[in-house]
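The values are calculated or read from the model by the stated rules, or taken from the named source; none is laboratory data. Bear in mind that the values here come from a model prediction, so they are computed numbers and not experimental data. Positions of Cβ are backbone-derived with ideal geometry, glycine not excepted, and every protein chain shown enters the neighbour counts. Just the protein is used for accessible areas: all its heavy atoms, side chains included, with ligands, DNA and RNA removed. Shrake-Rupley method; radii C 1.70, N 1.55, O 1.52, S 1.80 Å.
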Amino acid sequence: MSANRPLILIFFSLAAGILSIQWIAPDPHLFIAGAAAALICFTVAVFLSGRLPPALILAVFFLLGGMLDATSHRDSVVAPYARARTLLTVDGTVLEPARTEDGVGKLTVRTSFLLHQGHAIPTSEVLAVTIYGNVPQLSPGDRIRFPARLRPFTNFKNPGRYDYEQAMKMKGLSCSASVSDGRYVVPMGKGNLNFLEGFVQSLKRPVREFLAKNLAEDRLPLLMALVLGERHDISNNIRDHFSRTGLSHALAVSGLHVGMVAWAAFFALKWLMLRSYRLALAVDVQKWSAFFTFFPVTAYALLAGFQVSAQRALVMVAVFLFSLIVGRSRDIWSTLSLAGILVLVLDPHAIFSISFQLSFGAVTGILLLGPVLMGLASKKKLPRIIVYLWGIASATISATVFLLPVTSFYFNQVSLVSIPANLIAVPILGVLVLPMGLLSVFLLPLSHALSLLALKVSAFGAEMMLLVIRFFSGFDRAVVWVATPNIAEIIIFLGILILIPIVKIKTWARPAIMVLLISLALDTGYWIYRLHGTDNLRITYLDVAQGNAALLEMPGGKRMLIDGGGFARDTFDVGRFVVAPFLWSQKIRTVDYLVLSHPQADHMNGLRFIAKTFSPREFWHSGAEISTPSFQELISIIKEEGIREVRLPELRDTKEMKGVVFEILHPSENTPIPGASDLRANLNDCSLVIRCSFSGNSFLFPGDIEEASERHLVETKGVNLASDVLLVPHHGSRTSSTSEFLARVKPRLCVISSGREGLFGFPHRETISRLEAVGARILRTDRDGAVQVVSLPGLIEVKTFSGLRETIRK
C-alpha cells in the first residue's frame with residue numbers, strides 16, 4: 001500500500017467489495033455472514049501479531065463494501081402487489097411537483113398505507129405515479145388518496161438494453177402506479193414530510209412562487225432547474241439542445257453547480273476578510289474562508305431540493321474544503337478518494353449511478369490530462385490571459401476526453417461542439433445565471449426591488465446561454481451517434497489515457513500501452529469480421545413489448561429491419577430507447593433496408609428514429625397511409641433523408657441479396673390499399689407478408705394479418721407458405737393463426753412478440769393451443785427476451801436473451 005496515498009487503494013477496495021455483491025455473490029445474507037466471520041479472524045490475527053498489515057486493511061474495506069451493499073437490500077411491502085398488478089387504494093404524500101405533458105401527469109408519492117380488500121397495510125415507500133387525464137394541481141407536501149394499479153419496473157430483454165429497473169432503484173422508487181383519471185385523486189389535507197423535507201419545501205415554496213410570478217414562460221423552466229433543481233417543466237426540445245451540445249449536465253444540480261457556488265462563496269468571503277488588515281493578520285484567511293464557505297454551499301444544496309446528485313456534490317466540496325482547513329489541499333488524489341469513500345459509505349449503490357461516474361470521472365480526467373495539456377502552454381511565453389483561457393480549455397478537454405467511453409456507453413452520442421459550447425456557456429452559467437439567481441433568492445426577504453433586479457440579470461444570462469446552445473446545436477453534424485463500448489473496450493481506452501502522462505517516467509508504461517493497443521486492434525478485427533465477414537443469415541426478434549421489430553443480418557453485412565415497435569400514446573420512443581441501443585451494442589451504425597408491414601403504432605413508431613440515425617437506403621411498405629402525426633412524420637423523415645421508397649407492385653418481384661431470397665406474399669393485386677382518408681380500413685389485413693429463405697431454411701413475417709387474409713393466402717399460395725420459423729401474426733391474437741394457416745406453414749419454431757401485460761391480453765390461450773397442436777416450439781419475447789436464430793445448412797441455431805440455446809434440425 002502506498003504510504004503517501006493509502007486512501008486511493010482503500011477507495012478501490014471498498015468499491016470492489018460493493019461490486020462483488022452485485023456481480024459475484026448470489027446471496028447477500030451469505031456474504032454478510034462470511035464477511036463477519038472473516039472480520040473476526042482478521043481481528044484475532046491482528047491481536048496475536050500485534051501489527052496491522054496493509055493487505056489486511058484493504059481486505060477489511062473490501063468486506064466492508066460488500067456488507068454495506070448487502071445490508072442495503074431491504075424487502076419491499078409493495079413489491080408483491082406490484083408483481084401481481086394489483087388494483088388497490090394508495091394513501092400518501094406528494095414529494096415533488098407533477099410534470100404534465102400531453103394530458104398525462106407524472107409525480108412521486110411516498111405511501112403512508114395501502115388499502116386492499118378492506119385492510120390497511122402500513123408502508124413507507126416511494127411510487128412513480130402516472131395520471132392519465134384531468135391531472136389535478138398538486139404541490140409537494142399534499143396528502144392524497146387514489147385508486148391505482150401497481151406495476152413493477154421492467155426492462156426490455158434485449159442485448160444492450162437500458163437498465164430501467166436499476167435506474168428506478170437508484171432513485172429510490174419501489175414501483176409504478178397508474179391512475180386512469182385524475183378525478184379519482186382525492187385531496188386529504190397536509191401530508192407527512194419529514195423535518196428535512198419540510199424545511200426544504202419551506203425554502204423552495206416562496207422562491208418558486210416568486211420565479212413563477214416574475215419570469216416569462218419561456219425562461220421560467222431553466223431558472224427553476226438551476227436554482228431549485230426542478231427540471232419537470234423543461235421541454236424535450238430544450239433537453240435535446242443541451243444534449244446535442246454536451247451540456248446536459250448543466251440541467252441537473254450536481255458537482256458543476258455546487259462547485260461554482262463554492263468557488264464564488266470562497267473568493268467572496270476571502271475578499272471580504274482581507275478588507276480588514278487586523279483580521280488578515282490575526283487569522284488564516286484561507287482556512288476560515290473555507291470553513292464559512294460550507295454554509296452557503298449547504299444552503300444551495302437544500303434550496304435545490306437536496307437531491308442525491310446535490311448531496312454527493314456537497315460531500316465532494318466539503319471534503320475539499322476540509323483539505324484546505326487541514327493544509328492538505330495539494331493532495332488532490334487523496335481528497336478525491338476520501339470523497340468517494342464517504343459517498344459510498346453513505347450510499348453504496350451510488351457507484352452504479354451515472355452522476356457519480358460522471359462527477360468523479362470528470363475530476364479524474366482533469367487531474368490526469370490537465371497537466372499534460374497545460375504543459376503545452378508552459379513551453380511558450382504567452383500572455384497571462386491566454387494561459388488562463390487555455391487552463392479553462394484544458395480542463396474542459398480533459399474531462400470530455402476522459403469521459404468519452406462513459407458518455408458513449410450511456411448516451412451513444414458524442415457532441416462535436418461540446419468543447420466550444422462548454423467554453424462559452426459554462427462561464428455564462430457561473431458568472432451570471434447561477435450567482436445572480438441565488439443573489440435574487442438571498443435578497444428576496446430584504447428587498448423585493450433588488451431581488452427582482454438580480455433575477456432579471458439572471459434571466460438575461462439564461463437567455464444568452466440558450467442562444468449559445470441553440471447556435472451550436474443547430475449545426476447538422478453537432479452530434480455523432482456511436483456504438484456502445486463494452487467493458488473491455490472502456491478499460492482499454494481509459495488504460496491508455498491513464499498511461500499517457502507517465503509514459504516518459506515509468507519504464508513499464510510503454511509496453512503496457514502496446515499491450516492495450518494490440519488488444520484494441522484484436523477487438524476491432526473481431527467486430528469487423530462479425531459485421532462483414534460472416535456468410536450466415538442471422539435474425540433477431542427483439543423484445544419491444546406490444547409490437548414487432550426484427551433485424552435481419554445478411555451475408556456481406558447488409559441489414560434489414562422489419563418493423564420498429566412503438567406505443568399508441570407515442571410518449572416513449574421505442575426506436576431511440578429500445579431498438580437503437582440493441583443495434584449500437586452490436587456495433588451496428590447502418591441499416592440498409594427498413595420495412596413497415598403496416599402503418600400502426602406498434603409496428604411503425606420506432607422506425608422514425610432509425611430512419612433519421614442509421615442511414616437506410618430503402619424503405620419498403622405497401623403504400624397504405626393513415627393521417628396520424630407519427631405516420632406523417634415518418635414519411636417526412638423518409639423524404640428529408642433521401643431514402644428510396646419501394647411500394648407495391650414493385651415489391652412483388654422476388655428479391656435476392658447474397659443468397660437471401662425475399663418474397664412478398666401479401667397484399668395481392670386484388671387487395672385494396674387504404675389511403676389516409678379511409679378511416680374504416682382494416683390495416684391488419686393490409687400487412688406485408690414476407691417470406692425470407694436462405695440455405696434451405698425459410699422465415700415468415702406475416703405482420704398482423706387476420707383470418708380473412710390467412711384464408712386468402714392458403715387458397716392462393718398453398719405450399720409456398722411453408723416456413724421453418726414463424727413470427728406469429730398479430731402478437732398471438734385469437735383472430736389470427738388459424739389451424740388451416742398453421743397447417744400450411746408447418747413451422748418448427750414460433751416466435752410471439754407481445755407485451756407482458758398487453759391491453760388485449762396477447763397472446764390468447766386459443767392461439768397457444770393451436771400452435772402446440774402443430775408441434776411447434778414456442779418462444780415469447782415477453783418471457784424469453786430477444787430471440788436470435790442463425791440459418792445454417794440443414795439446421796437453425798436458436799438462442800434467447802434469457803440464456804436458452806438449442807438447435808433445430810430438418
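Structure values in brief
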| read-out | value |
| --- | --- |
| Residue in region 680-696 that is within 27 Å of Ile768 (Cα to Cα), aromatic (Phe, Trp, Tyr) and touching a residue at least 60 places away in the same chain (Cβ under 8 Å) present | no |
| Residue list for region 271-295, filter: among the hydrophobic types (A, V, I, L, M, F, W, C), open to solvent by 80 Å² or more (accessible area, probe 1.4 Å) and part of a loop (DSSP other than H, G, I, E, B) | none |
| Strands (runs of 3 or more DSSP E) wholly inside region 641-759 containing at least 1 residues that are of a type outside the set (S, T, N, Q) and under 15 Å from His621 (Cβ atoms) | 644-646, 655-657, 660-666, 689-694, 697-701 |
| Among (1) in contact (Cβ under 8 Å) with a residue 40 or more places away in the chain; (2) open to solvent by 30 Å² or more (accessible area, probe 1.4 Å), the one test that His119 misses | (1) |
| Any chance Gly642 is closer than 25 Å to Phe609 by Cα and surrounded by fewer than 17 Cβ atoms within 10 Å (Cβ to Cβ) | yes |
| Helices (runs of 4 or more DSSP H) contained entirely in region 347-419, each with at least 2 residues that are surrounded by fewer than 20 Cβ atoms within 10 Å (Cβ to Cβ) and within 20 Å of the chain's Cα centre (by Cα) | 354-378, 404-411 |
| Any hit, region 593-604, residues being among the hydroxyl-bearing types (Ser, Thr, Tyr), touching a strand residue (DSSP E or B) at 6+ places or on another chain (Cβ under 8 Å) and buried (at least 21 other Cβ atoms within 10 Å of the Cβ) | yes |
| So Lys504, is it under 30 Å from Leu434 (Cα atoms), over 31 Å from the mean Cα position of the chain (by Cα) and not hydroxyl-bearing (Ser, Thr, Tyr) | no |
| Leu443 open to solvent by less than 50 Å² (accessible area, probe 1.4 Å), closer than 30 Å to Ala299 by Cα and in contact with a Gly (Cβ under 8 Å, 6 or more places away or on another chain) | no |
| Filtered residues of region 564-575 (kept if at negative phi and crowded, with 24+ Cβ neighbours inside 10 Å) | Gly564, Val574, Gly575 |
| From the options Ala212, Ala216, residue that is in a loop (DSSP other than H, G, I, E, B), within 22 Å of Asp102 (Cα to Cα) and open to solvent by 20 Å² or more (accessible area, probe 1.4 Å) | Ala216 |
| Cβ-Cβ under 8 Å pairs, at least 6 apart or on other chains, region 514-540 side part of a helix (DSSP H, G or I), far side loosely packed, with under 12 Cβ neighbours inside 10 Å | Ser519/Ala488; Asp523/Ala488 |
| Of all residues making up region 487-534, the number that are among the polar types (S, T, N, Q) and in contact with a helix residue (DSSP H, G or I) (Cβ under 8 Å, 6 or more places away or on another chain) | 2 |
| Those residues of region 578-609 which are within 22 Å of the chain's Cα centre (by Cα) and part of a helix (DSSP H, G or I), in sequence order | Val578, Val579, Ala580, Pro581, Phe582, Leu583, Trp584, Ser585, Asp602, Leu607, Arg608, Phe609 |
| Residues within region 496-523 that are among the β-branched types (Val, Ile, Thr), open to solvent by 60 Å² or more (accessible area, probe 1.4 Å) and either at pLDDT below 90 or more than 20 Å from Val401 (Cα to Cα) (or both), tallied | 5 |
| Lone unmet requirement of (1) within 24 Å of the chain's Cα centre (by Cα); (2) closer than 24 Å to Asn422 by Cα; (3) open to solvent by 50 Å² or more (accessible area, probe 1.4 Å) for Phe475 | (1) |
| Per-region count, region 610-640, residues assigned to a loop (DSSP other than H, G, I, E, B), within 27 Å of the chain's Cα centre (by Cα) and not hydrophobic (A, V, I, L, M, F, W, C) | 2 |
| Which listed residue is surrounded by 15 or more Cβ atoms within 10 Å (Cβ to Cβ) and in a loop (DSSP other than H, G, I, E, B), from Pro221, Pro140 | Pro140 |
| Single residue of Ser202, Ser174 found to be open to solvent by 30 Å² or more (accessible area, probe 1.4 Å) and over 30 Å from Gln22 (Cβ atoms) | Ser202 |
| Test set (1) open to solvent by 10 Å² or more (accessible area, probe 1.4 Å); (2) closer than 17 Å to Val789 by Cβ - Arg711 fails condition number | (2) |
| Extreme residue, farthest from Phe609 (Cα to Cα), among residues of region 231-270 that are modelled with pLDDT under 85, aliphatic (A, V, I, L, M) and open to solvent by 20 Å² or more (accessible area, probe 1.4 Å) | Leu256 |
| Qualifying residue in region 552-563 (condition: in contact with a Leu (Cβ under 6 Å, 6 or more places away or on another chain), assigned to a helix (DSSP H, G or I), surrounded by fewer than 24 Cβ atoms within 10 Å (Cβ to Cβ) and on the phi > 0 side of the Ramachandran plot) | yes |
| Sole residue being within 37 Å of the chain's Cα centre (by Cα) and open to solvent by 60 Å² or more (accessible area, probe 1.4 Å), chosen from Arg744, Arg756, Arg780 | Arg756 |
| Scan of region 337-356 for residues that are touching a residue at least 40 places away in the same chain (Cβ under 8 Å) and of a type in the set (A, V, I, L, M), ordered by number | Leu338, Ile341, Leu344, Val345, Ala350, Ile351, Ile354 |
| Selected residue (criterion: nearest to Ser202 (Cα to Cα)) from residues of region 62-75 that are open to solvent by less than 40 Å² (accessible area, probe 1.4 Å) and of a type outside the set (A, V, I, L, M, F, W, C) | Ser72 |
| Filter pass, Phe62 being of a type in the set (Phe, Trp, Tyr) and farther than 21 Å from Arg183 by Cα | yes |
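Rundown of residues vs (1) open to solvent by 70 Å² or more (accessible area, probe 1.4 Å); (2) of a type outside the set (Asp, Glu); (3) under 24 Å from Val431 (Cα atoms); (4) modelled with pLDDT of 90 or more, yes/no style:
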residue: Ala304; (1), (2), (3), (4): no, yes, yes, no
residue: Gln307; (1), (2), (3), (4): no, yes, yes, no
residue: Arg312; (1), (2), (3), (4): no, yes, yes, no
residue: Ile332; (1), (2), (3), (4): no, yes, no, no
residue: Leu336; (1), (2), (3), (4): no, yes, no, yes
